[in-house]
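The values are calculated or read from the model by the stated rules, or taken from the named source; none is laboratory data. For clarity, every value in this text was computed on a predicted model and none was experimentally measured. No Cβ is skipped: glycine too gets one built from the backbone with ideal geometry, and neighbour counts run over all protein chains shown.
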Amino acid sequence: MNTKVNICSVELKNPVMTASGTFGSGREFSEFTDLNKLGAVVVKGVAAKPWQGNPPPRIAEVYGGMLNSVGLQNPGADYFIKNDIPFLRQFDTKIVVNICGHSEQEYIDVTEKLRGADVDLLELNISCPNVSEGGMSFGTDPKVAEKVVKAVKKRADKPLIVKLSPNVTDITEIARAAVSGGADALSLINTLTGMKIDVKRRKSVLYRKIGGMSGPAVKPVALAMVYKVCKAVDVPVIGMGGISNAEDALEFIMAGATAVSIGTANFTDPGAAEKVAEGIKKYMSHEGINDLSEIRGIID
Ligand code: SIN
C-alpha cells in the first residue's frame, strides 16, 4: 500500500500536513505527537523581520470552531532559519514555510532571505484576514494576486504553494490568477472572516473586532471550494478547512486534493494530524486501495 503523495516533485510519506497558523514551529506539538508520522509540517507565517501581531483578545470560541486575529505574530526569518529549521530537521517530515509580508517588497525580502534555507516548499500567504496591509488584501483581487505571485516566484528557489482566501466571490478566478503568476501548487482555504459580540459588555470579543473563522463548521464551504478549484486548475491542491478526522480528509481527497492540512483540530487534540494519517491508512487497507490516486478526484 502506498500512502505517498507528490507535491511539485517533493515526495510526502503521506498526504497529511499541518495548517500554518496552528502549529508554530512544531516544537510545542512535538511533546504530544510524533512529527515523524506527518507528511509535512507547515509552520506559522514567517516575515522578513519580526512581527508583534495584534493586541489581545485575539482568540474566541464560536459554535463549530474558533475565531482568531493573531495578525501573523512571528520572530522573523533570521530566527526561523537559525532555530526552527534545525529543530524540524530532526524529524523525518517535510518542511513548508508559510511566508508573509505587508507589501510586495516585504514578500520579496522574506523569499530572498529563505533562498538556500533547508526547507522543502514555500507557501505564500495572501489570505490572512488579520492584517491591514498584506495578507488577504493581496489575495482578493486576481490582478494583484498574480503580480505578487510572479514577484515571489521569480526569487523563490523552492516550489511555491499559494494559499488562497475564501473571502472572495469566485475562488476559481484567484486560483487561475495565482497559477498564471507561477504558483506550482495551491492551498485552500484560509479562514472565513467572522465576528463575535459579548452582549453583556456590549463589545466585540476580539480586540480587532473581525477575525478569521476556522474549525468543523467551515468544512462544507472549504470542501466545495477545493472541489471547484481542482476542476479549474491543473496544479496540485492542498485542501484544508475544518478537517478533524480521516473521513473529513478523505472527502477532500475525493474532491481532488493531493494532500490535506489539519489546523484547528490540533487545538482540541494535539495528536489530530497523526490520527488522520493513521485513519487514512486504515481506510485504504480496509477498502483495498493501493494508492490514493485511485480515489483522488473521484467526484466528477
Ligand atoms: C494570523 O496569524 O492572523 C492567522 C494566520 C492566517 O490567517 O494566515
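Annotations for the structure displayed:
- The residues of the range 35-60 that are in a strand (DSSP E or B) and within 16 Å of the ligand (Cβ to nearest atom), listed by number, are Val41, Val42, Val43, Lys44, Gly45, Val46, Trp51, Ile59, Ala60.
- Of the residues making up the range 1-25, those that are within 16 Å of the ligand (Cβ to nearest atom) and not hydrophobic (A, V, I, L, M, F, W, C) are Thr18, Ser20, Gly21, Thr22, Gly24, Ser25.
- Whichever residue in the range 83-114 is of a type in the set (Lys, Arg) and out of contact with any helix residue (DSSP H, G or I) (no Cβ under 7 Å at 6 or more places or on another chain) and, among such residues, is farthest from the ligand (Cβ to nearest atom): Arg89
- Positions within the range 72-102 being in a loop (DSSP other than H, G, I, E, B) and either closer than 17 Å to Val16 by Cα or within 18 Å of the chain's Cα centre (by Cα) (or both), in sequence order: Leu72, Gln73, Phe91, Asp92, Thr93, Cys100, Gly101
- Test: residue in the range 207-223 that is more than 19 Å from the chain's Cα centre (by Cα) and not basic (Lys, Arg): yes
- Across the range 115-137, the qualifying residues are those that are modelled with pLDDT under 95 and more than 12 Å from the ligand (Cβ to nearest atom), and the one among them that is farthest from Met213 (Cα to Cα) is Glu133.
- Taken over the range 58-106, the criterion of being surrounded by fewer than 22 Cβ atoms within 10 Å (Cβ to Cβ), charged (D, E, K, R) and farther than 22 Å from Val149 by Cβ is satisfied by Arg58, Glu61, Asp78, Lys82, Arg89, Asp92.
- Residue list for the range 141-160, restricted to those being under 11 Å from Ile126 (Cα atoms) and either of a type in the set (Ser, Thr, Tyr) or not in a helix (DSSP H, G or I) (or both): Asp141
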